[in-house]
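The values are calculated or read from the model by the stated rules, or taken from the named source; none is laboratory data. Please read these numbers as outputs of a predicted model, since none were measured by experiment. Heads up, the Cβs are rebuilt from the backbone with ideal geometry, glycines too, and the neighbour counts pull from every protein chain shown.
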Amino acid sequence: FSLAAAHATYWLIHKKRINPIRAASLTTLIFIAISAIIPGVFLIQYQVAFFGGTFVAMSEPFRLGEKNVLFAAIIFGALLFILQKIDFLHFHGGLGGTIGATSFLACLIVYAINRLSSRAN
């Protein structure tokens, strides 16, 4: 879900020239409206993953291009899965800043990999 969110939000921001906050809000609201119709046990986790993916997509294209945003969205999803498995979210009081910090960490990892690989060449 974070991959779909990142792709949709990135497309709205950089191809349709919509403000990043509005693009993230629009994609999230559409996803929430659609997911409200479908009952599910893991609905909250899907919504959190989607919302975090929109955070990742708000990166500037000179820092992370479209492919790197999608890669960061995958890393975000993996990090979120790990944090949920070790019960990090419950221990630290919920989702609060965890979504933003995790999306930042995912973008930082991809950015660092790009910088290190460009220096190696």
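The figures follow:
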| read-out | value |
| --- | --- |
| Condition check for THR98: surrounded by 14 or more Cβ atoms within 10 Å (Cβ to Cβ), at pLDDT 85 or above and not aliphatic (A, V, I, L, M) | no |
| Residue match in the range 19-29 (condition: outside any helix (DSSP H, G or I) and either at pLDDT below 85 or on the phi < 0 side of the Ramachandran plot (or both)) | yes |
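For (1) out of contact with any strand residue (DSSP E or B) (no Cβ under 6 Å at 6 or more places or on another chain); (2) modelled with pLDDT of 85 or more; (3) of a type outside the set (Val, Ile, Thr); (4) surrounded by 15 or more Cβ atoms within 10 Å (Cβ to Cβ), each residue gets a yes or a no:
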position	(1), (2), (3), (4)
PHE55	yes, yes, yes, yes
GLY65	yes, yes, yes, yes
ALA72	yes, yes, yes, yes
PHE76	yes, yes, yes, yes
LEU79	yes, yes, yes, yes
ASP87	yes, no, yes, no
GLY93	yes, no, yes, no
ALA112	yes, yes, yes, no
ASN121	yes, no, yes, no
